[in-house]
Every structure is written in C-alpha cells, then in structure tokens.
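Working notes, structure below.
Every read-out reported here was derived from the displayed coordinates using simple, explicitly stated rules and does not represent laboratory data. No experiment lies behind these values; they were computed from the predicted model shown.
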Amino acid sequence: MTRAAPALAAALLLSACGGGRYAPVSDWPVRIGKPYQVRGTTYTPAADPAYDMLGYASWYGSESGKRTANGERFRAKAISGAHTTLPLPSYVEVTALDTGRTILLRVNDRGPFAAGRIIDLSRGAAQELGIRPQGQVAVRVRVVDPPERDRARLRAGKPAAPRPDASPAVVANLRAQLDTGRRALGLTP
C-alpha cells in the first residue's frame, strides 16, 4: 500500500491540472497585466475599484472551450465577461439601460475591441440580463466586491443571487447621461 501512495498522489495532482491546458477557475492570483495593443489602440490594465461606466455591451459565445485571457476555459453558458483593462478576475454589476435589469458577473477575459463597447458578455450573462435577442445594448458597468457565496456561484458558472433592478427613474437618468456623453463626442444618441 505504501508504494501505491506516491503514484496515487501524482495521479491526483495531474488530474487537478486539467491536462495542463487551462488554469483552474480561481480568484487568485489576480492578474493585472502589462499594457497591450490591439488594432493600434493601447490598453493599460489597472485596478480601479471606483470603475463605473456607461456604454454598450454585446455578447459572445461561439468561442466555448477556448482559453480566456486569464487562462481559464471559456464557458459560454457561464455568467462571465470580457473587459479591456480591469484585473482578471474582477466582479462587476451590469445594468441594461433598456430594462433596468441588473446582474453580477465575473470578468475573466480581455475585450471588447470594438468602438463604443465597454464589456462583452458570455451567452449565459446575456441570457441572465435578458439582452440575448438584441445583440448590443446600452449598459452601466460598475466594479463591486460581492460576498463569497456569489463569487463561488460565478466561479462555478452559475448566476449569483438576484440583484435588485434599477428603478425607471435611475434608468432614465443613466440613459440621459449616456446620450449627453455621446452628443458631446459628436455621436448620435
């Protein structure tokens, strides 16, 4: 029995590596990363606990099984997202400005690299937010520090506890701020 113990330990260690191709789904270590360029634009990752932005979100899902920027396996049905500069992983609240629906998601990938978009959502996150049919919607994204039970559910690919929807008055205010910002940039609302 004692000669089998080292072999068993080695087998367990190798099975935990997932074949060495993907990093385990974990909140540690948090990766910030060095500045990088995509299509001529430089992105500088940084911790930003006060991050609170208005912009547009889209969703992606055909990449299921590929490696995310932090090394995890991308799971299209999970409640996750991609951001250009937030640490990996980060937790954000996303509110759809057409409905006020709010969800919590785990950022574990880089993107979007399209003008005007501030976050890409997994197919599961888009489903939870109720925006899958639209493809692209106006959103508010803000960094949050959720309780461990919500973090654990998101690491497992499941939705976190429901968040309260934004009131119609809050949604109207956020949409007005987004429209004002777009007009200031010379874009149509």
Relative to the chain, whose Cα atoms define the longest principal axis, helix 168-184 and its Cα axis are tilted in degrees, nearest 10, by 80 degrees
What is the helix-to-structure angle for 4-16, meaning the angle in degrees between its Cα long axis and the longest Cα principal axis of the chain, kept from 0 to 90 and rounded to the nearest 10? 10 degrees
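So for region 43-184, averaging the separation of alpha carbon pairs under 8 Å that are six or more residues apart and normalising by length, what relative contact order in percent results?
Relative CO of region 43-184 lands at 32 percent.
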Of the beta bridges DSSP finds with both residues in the chain, what % are antiparallel, to the nearest 5? 75 percent
